[in-house]
1. Checking the conditions here, which among Val56, Val34, Val79, Val49 is surrounded by 15 or more Cβ atoms within 10 Å (Cβ to Cβ), farther than 25 Å from Ser133 by Cβ and hydrophobic (A, V, I, L, M, F, W, C)?
2. So, Ala171, is that one more than 19 Å from Leu45 (Cα to Cα) and assigned by TED's automatic domain parsing to the domain that holds Thr21 or not?
3. I'm trying to understand the selection: among the residues of the range 167-187, which are out of contact with any Asp or Glu (no Cβ under 7 Å at 6 or more places or on another chain), surrounded by 12 or more Cβ atoms within 10 Å (Cβ to Cβ) and in a helix (DSSP H, G or I)?
4. Any idea which of Arg120, Arg97 is over 25 Å from Glu157 (Cβ atoms), of a type in the set (D, E, K, R) and modelled with pLDDT under 90?
5. Helices (runs of 4 or more DSSP H) wholly in the range 40-146 with at least 3 residues that are assigned by TED's automatic domain parsing to the domain that holds Thr21 and small (Gly, Ala, Ser) - which ones?
6. Scan the range 62-100 for residues that are touching a Ser or Thr at 6+ places or on another chain (Cβ under 9 Å), β-branched (Val, Ile, Thr) and farther than 15 Å from Leu27 by Cα and jot them down.
7. Tell me the residue from Arg70, Arg65 that is in contact with a strand residue (DSSP E or B) (Cβ under 8 Å, 6 or more places away or on another chain) and either more than 19 Å from Ala104 (Cα to Cα) or among the acidic types (Asp, Glu) (or both), please.
8. When the range 103-148 is examined, which residues are found to be of a type in the set (Val, Ile, Thr) and farther than 23 Å from Trp162 by Cβ?
Amino acid sequence: MTPDRAAATIRYVIGIDGGGTGTRARLTGTDGEVLSFAHAGPSALGQGVQQAWSNVSQAIENSFRNANVRTWQPEECAVGLGLAGAIVAEHKRDFMRAAPRYAAIELANDGYAALLGAHRGGPGAIVAAGTGSIGEALREDGEHVSIGGWGYPVGDEGSGAWLGMRAMREAQLAADGRAPAGPLVQAVWSVAGNSREALLAWGDGAGQHAYAA
């Protein structure tokens with residue numbers, strides 16, 4: 001399908017914001033009217049392309065369901081995605097190769113997509129902190145600058161996962177008797193348990209999403 005023909009078939013525009021904890025979708029008509037919003041599970045590309053597409057697809061399906069649109073086709077949709085991990089070329093390539101046949105599709109890192117949305121494509125800066133974290137800026141001369149955003153577990157200072165890991169560290173110290181068992185530690189213990197065995201078992205199965213939660 002040629003670009004002009006693809007554009008002529010577009011009836012819906014879908015915006016996707018995906019990270020390590022969840023995926024949000026906004027469905028609009030080509031006139032900009034917002035038809036619905038929807039949610040699904042995590043779609044950070046570092047957690048796997050298959051999971052990302054599964055949850056992105058679920059969020060899109062949910063958005064049509066919420067808008068009471070019963071029949072639609074991918075060829076009628078233009079999709080713009082801001083996904084955590086899209087800055088990694090290999091992740092972006094693999095994700096785009098697995099894409100359904102939408103009329104149009106664009107993928108950017110979630111931080112850059114948030115920057116463009118916050119300032120309507122103009123110069124500005126944001127600090128985004130969710131499951132991960134990153135600082136993004138677009139300068140007057142068009143230069144794009146990113147700070148942080150190095151990912152779980154070594155970077156993303158101030159993010160949900162980063163804070164969760166430090167809370168778990170306090171819970172471990174308290175279990176050893178090396179730190180007081182205050183309200184934060186008690187909250188962690190209520191989820192993961194307060195014995196060495198329980199904390200080790202929880203940590204063995206935990207990932208970015210679990211620490212952020």
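The values are calculated or read from the model by the stated rules, or taken from the named source; none is laboratory data. Here the structure is a predicted model, which is why all the values come from computation and not from measurement. Counting neighbours? That spans all protein chains shown, and the Cβs are built from the backbone with ideal geometry, glycine included.
1. Criteria check complete, one pass: Val79.
2. Spelling it out, it is not the case that Ala171 is more than 19 Å from Leu45 (Cα to Cα) and assigned by TED's automatic domain parsing to the domain that holds Thr21.
3. Ala167, Met168, Arg169, Glu170, Ala171, Gln172, Leu173, Ala174, Ala175, Gln186, Ala187
4. Just a single option satisfies the conditions, and that option is Arg120.
5. The helices (runs of 4 or more DSSP H) meeting that bar are 49-66, 110-118.
6. Ile87
7. Only one candidate qualifies: Arg65.
8. Ile105
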